[in-house]
Amino acid sequence: DAREGGKLLDVACGPGFLLQAAVKKGLKTSGIDISPELIEIARKNSPESELTAGPGELLPWGEGSFDYVACLGSLEHFMHPDRGAAEMARVLKPQGKAAILLPNSYFLEAVVNALVKGEGPTQNQDMERFAAKNEWKMLLEDAGFKVEKIYRYNEFTELFVPGTWKLKSLKKYFRFLLRQCYPFNLSKNFIYVCTVRLCHNR
């Protein structure tokens, strides 16, 4: 429900694909990423966006600067995710919305893997945290957000050949269908849609 002309910040924007899509929707866009190399790629993918290289725990914008804030699959990699979440809450307008995607430590396949192999969840990253649905909610609300809605998100895999309805892989397709049946609390990822908690001391 993003309004045309609204201001969006993508925290840990990577190569700028979300910014690129948001510009097409008529949004004014800004992005920050800790990697200068990725910022340079983002400049090519979304030249209309204001882009900055820097840590997500120290955002160079004033309080209430943005109508929308996104952080998709990155906060769990921050050195200090609590500070990163607090900074996102700080720069969000009182009536704004944030969308934050985070990984579940109790993803069904991870639970089975722990049962069978005794191994915890991992995506082979140098630094990554996992938490259960309400643990992430608590972190976000302690940082100054009010979680309005939580969505499940079970699959990053692109199922179809771009521009066609041809499946890339039957195995991936059936795995995708199976994951839609997982209990909500055992989803792979959660998307938290948040507003600023008005009683939060900003």
**Fill in**
Conditions (1) at pLDDT below 95; (2) among the hydrophobic types (A, V, I, L, M, F, W, C); (3) within 30 Å of GLY64 (Cβ to Cβ) -> LEU140 fails only (1)
**Item:** Lone unmet requirement of (1) free of Cβ contacts under 8 Å to residues at least 40 places away in the same chain; (2) not in a strand (DSSP E or B) for THR52
**Value:** (2)
**Message:** Give me the residue from region 153-173 that is over 15 Å from GLU109 (Cα atoms) and not in a loop (DSSP other than H, G, I, E, B) and, out of that set, most open to solvent (accessible area, probe 1.4 Å).
**Reply:** LYS171
**Fill in**
Exactly one of GLU57, GLU48, GLU63 is at pLDDT 95 or above and under 21 Å from MET138 (Cβ atoms), and that one is GLU57
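Quick grid of which residues meet (1) open to solvent by 20 Å² or more (accessible area, probe 1.4 Å); (2) assigned to a loop (DSSP other than H, G, I, E, B); (3) among the acidic types (Asp, Glu):
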| site | (1), (2), (3) |
| --- | --- |
| GLU63 | yes, yes, yes |
| GLU76 | no, no, yes |
| GLU87 | yes, no, yes |
| GLN95 | yes, no, no |
| PRO103 | no, no, no |
| PRO121 | yes, yes, no |
| GLU128 | yes, yes, yes |
**Request:** Give me the pairs, please: first residue somewhere in region 101-121 and among the charged types (D, E, K, R), second residue anywhere and in a loop (DSSP other than H, G, I, E, B), beta-carbon distance under 9 Å, and either six or more positions apart or on two chains.
**Result:** GLU109/PRO121; GLU109/TYR182; GLU109/LYS188
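Of all residues in region 139-152, which are open to solvent by 70 Å² or more (accessible area, probe 1.4 Å) and either closer than 20 Å to LEU72 by Cβ or assigned to a loop (DSSP other than H, G, I, E, B) (or both)?
Within region 139-152, the first condition is being open to solvent by 70 Å² or more (accessible area, probe 1.4 Å), and the residues that meet it are 142, 146, 148-149, 151-152.
Result: LYS146, GLU148, LYS149, TYR151, ARG152.
The values are calculated or read from the model by the stated rules, or taken from the named source; none is laboratory data. Note that this is a predicted model, so its numbers are computed, not measured. Glycine also receives a Cβ, built like all others from the backbone with ideal geometry; neighbour counts cover every protein chain displayed. Quick note on the areas: whole protein, heavy atoms, side chains included, nothing else; ligands and nucleic acids left out. Shrake-Rupley method; radii C 1.70, N 1.55, O 1.52, S 1.80 Å.
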